[in-house]
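Let me begin by presenting the structure, written as structure tokens, before commenting on it.
The values are calculated or read from the model by the stated rules, or taken from the named source; none is laboratory data. Just so it is clear, the model here is predicted, and its values are computed rather than measured. A quick note on method: Cβ atoms are made from the backbone with ideal geometry, for glycine too, and the neighbour counts reach across all protein chains shown. Just the protein is used for accessible areas: all its heavy atoms, side chains included, with ligands, DNA and RNA removed. Shrake-Rupley method; radii C 1.70, N 1.55, O 1.52, S 1.80 Å.
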Amino acid sequence: MRIAMIGAGYVGLVSGACFAEFGVDVTVMDVDPDRIEGLHAGRMPIYEPGLDKLVAENVKDGRLTFTTDLAAAVKGADAVFLAVGTPTRRGDGHADLSYVYAAAEQVAKAADGPLVLVTKSTVPVGTGREVQAICRRVRPDLPISVASNPEFLREGSAIGDFMRPDRVVIGVDDEHATTVLRRLYRPLYLIETPVLAVSIESAELIKYAANAFLATKITFINEIADLCEKVGADVHDVARGMGLDGRIGRKFLHPGPGYGGSCFPKDTLALARTAQDAGSPVRLVEATIEVNEARKARMAERILAALGPAHAGKRVAVLGVTFKPETDDMRDAPSLVILPALVAAGVEVTAFDPQSAHARQALPAAVHFAETAVAAVQGADALVVLTEWNEFRALPPGRLKAAMKGDIILDLRNVWDPVAMRAAGFTYSSIGRP
Ligand SMILES: NC(=O)c1ccc[n+]([C@@H]2O[C@H](COP(=O)([O-])OP(=O)(O)OC[C@H]3O[C@@H](n4cnc5c(N)ncnc54)[C@H](O)[C@@H]3O)[C@@H](O)[C@H]2O)c1
């Protein structure tokens, strides 16, 4: 089998490398020449654990190549996957489908034989039909099967998620697309991965419904955490007690400063817009979006309140700014709301993140970056944990205390034990714990 992956981002590059690992011949194509040049030189454009090794091995074995030439990538391919971005369209919250439609048109023009055009990007219901219409208009001479194959990988564990997914969803309209996609995912049959073949509309909606449900689950436990603080309960005990109920499940019941990232914020918003347009609003999802947005702003207020009324000029160390650990992705990270609010209030912010490459450009220039966690807290009045990188868990409280000027810790990810931190002399607060 030979495939082309259009887009060399978090999804395209990881899926391309994983398909190559399955034994498929893969060409990953991107419009960004720097990205492709870097990949030719063995440099990864993103941080994803294990990706450099997987890419290097498959390049060496001759199954994985990179190009900026779309026609060359599409030539002779059995299937072409679209893995381009679908960010929020400026102004109205709908998904911006211009990259998907542009890529679909270019692929159809370049096709030199029958192929399956698969949308892996997260796209609203109806996009697949529009892609079909584009293909028919551009290439009435060629049978192009359009399919949907939403991706569920998580940044930080993307390779494992792709190689051992909970399920594979394929939205298909014809036998040929079904056969090609089932063949591509055949290695997963060995580990008994369910492959759900559904309509294109259902596949498109499954992805949004799943993300909106997870975002709602996080937002639910965040609100319960706030209630725990008011009534003296411990959110971790409450979450465990809830999660042991098989109907609820234990995952995604960890409180924090509000969800962020490249998917949940934009996908909840796009789903809400699609549902409004369809005359069937998803009020629960609308409430989730609103509660989550307000939460991020409230976290900044909480930090300022902990610093006291004379917060201007105080020094705050922030550990972790990416939207979650094990990624360098800053898209819609809570830090993008919280840190500018601190800076605007006159607070001096020094941040540390193990993957700060994109963070330095995304955050205000006034935010200083330290090279280590301990250097960041040096002389700080307060310490805020925003992203739960594993290396923060093991920081000795005594070392932090000795380095800091003040004693305030706001642990917005509950990485530390309140008893141990208070015993070390900190004024410690976390989320939803007495
Ligand atoms: N990041 C995730 O964790 C994740 C998980 C599941 C699904 N998704 C979805 O997958 C899609 C891609 O997300 P991502 O995070 O990989 O995005 P990304 O921004 O990391 O990568 C997109 C890439 O597409 C390239 N591109 C844009 N237009 C192109 C064109 N016409 N031809 C070739 N390349 C083009 C860009 O240069 C970029 O490198 C989105 O729809 C997203 O919602 C993302």
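Give region 296-348 a look and list any residue that's among the basic types (Lys, Arg), open to solvent by 10 Å² or more (accessible area, probe 1.4 Å) and within 23 Å of residue 263 (Cα to Cα), or say none. Don't jump to the end; show me each part of the working.
The initial filter retains those residues of region 296-348 that are among the basic types (Lys, Arg), namely 296, 298, 302, 314-315, 324, 331.
Remaining after also requiring open to solvent by 10 Å² or more (accessible area, probe 1.4 Å): 298, 302, 314-315, 324, 331.
Within region 296-348, 298, 324, 331 qualify.
Return yes when residue 257 is in a loop (DSSP other than H, G, I, E, B), of a type outside the set (A, V, I, L, M) and out of contact with any Gly (no Cβ under 8 Å at 6 or more places or on another chain) and no when it is not. Steps first, answer last, please.
On the way: in a loop (DSSP other than H, G, I, E, B): yes; of a type outside the set (A, V, I, L, M): yes; out of contact with any Gly (no Cβ under 8 Å at 6 or more places or on another chain): yes.
Yes: the conditions hold for residue 257.
Is it the case, given these coordinates, that residue 110 is open to solvent by less than 50 Å² (accessible area, probe 1.4 Å), over 19 Å from residue 195 (Cα atoms) and modelled with pLDDT of 95 or more?
Numbers: open to solvent by less than 50 Å² (accessible area, probe 1.4 Å): yes; over 19 Å from residue 195 (Cα atoms): yes; modelled with pLDDT of 95 or more: yes.
Yes; evaluated as a whole, the condition is true for this residue.
Can you spot a residue in region 69-81 that is within 9 Å of the ligand (Cβ to nearest atom), at pLDDT 95 or above and touching a Leu at 6+ places or on another chain (Cβ under 8 Å)?
no
Any chance region 2-19 includes a residue that's part of a loop (DSSP other than H, G, I, E, B) and more than 10 Å from the ligand (Cβ to nearest atom)? So that I can check it myself, show each step before the final result.
Restricting attention to region 2-19, the residues satisfying the condition of being part of a loop (DSSP other than H, G, I, E, B) are 7-9.
In the following step, the residues that additionally are more than 10 Å from the ligand (Cβ to nearest atom) were identified as none.
No: region 2-19 contains no residue that is part of a loop (DSSP other than H, G, I, E, B) and more than 10 Å from the ligand (Cβ to nearest atom).
Go through (1) in contact with a Leu (Cβ under 9 Å, 6 or more places away or on another chain); (2) more than 9 Å from the ligand (Cβ to nearest atom) one by one and return the number of the condition residue 41 breaks.
Of (1) in contact with a Leu (Cβ under 9 Å, 6 or more places away or on another chain); (2) more than 9 Å from the ligand (Cβ to nearest atom), only one is false for residue 41: (1).
Quick check: is even one residue across region 135-145 among the polar types (S, T, N, Q) and either under 22 Å from residue 25 (Cβ atoms) or open to solvent by less than 10 Å² (accessible area, probe 1.4 Å) (or both)? Quick ask: steps written out before the conclusion?
At the first step, the residues of region 135-145 found to be among the polar types (S, T, N, Q) are 145.
After this cut, where a residue has to be either under 22 Å from residue 25 (Cβ atoms) or open to solvent by less than 10 Å² (accessible area, probe 1.4 Å) (or both) as well, the list is 145.
Within region 135-145 (the criterion being among the polar types (S, T, N, Q) and either under 22 Å from residue 25 (Cβ atoms) or open to solvent by less than 10 Å² (accessible area, probe 1.4 Å) (or both)), the answer is yes, since at least one residue qualifies.
So which residues in region 237-274 are open to solvent by less than 10 Å² (accessible area, probe 1.4 Å) and farther than 24 Å from residue 410 by Cα?
243, 267, 268, 270, 272, listed by residue number.
Which condition breaks for residue 229 when tested against (1) surrounded by 15 or more Cβ atoms within 10 Å (Cβ to Cβ); (2) under 23 Å from residue 121 (Cβ atoms); (3) in contact (Cβ under 8 Å) with a residue 24 or more places away in the chain?
Condition (2) is where residue 229 drops out.
Evaluate the following for residue 93: is it surrounded by fewer than 19 Cβ atoms within 10 Å (Cβ to Cβ), more than 20 Å from the chain's Cα centre (by Cα) and assigned to a loop (DSSP other than H, G, I, E, B)?
Numbers: surrounded by fewer than 19 Cβ atoms within 10 Å (Cβ to Cβ): yes; more than 20 Å from the chain's Cα centre (by Cα): no; assigned to a loop (DSSP other than H, G, I, E, B): yes.
No, not satisfied.
Could you run through region 23-50 and say how many residues are open to solvent by 40 Å² or more (accessible area, probe 1.4 Å), in contact with a Lys or Arg (Cβ under 8 Å, 6 or more places away or on another chain) and at negative phi?
1
Here is a list of conditions, (1) within 25 Å of residue 113 (Cβ to Cβ); (2) touching a residue at least 60 places away in the same chain (Cβ under 8 Å); (3) within 16 Å of the ligand (Cβ to nearest atom), and residue 180 meets all of them except one; can you say which number that is?
Result: residue 180 passes all but (3).
Restricting to region 106-157, name every residue that is farther than 20 Å from residue 88 by Cβ, in a helix (DSSP H, G or I), in contact (Cβ under 8 Å) with a residue 24 or more places away in the chain and among the charged types (D, E, K, R).
109, 129
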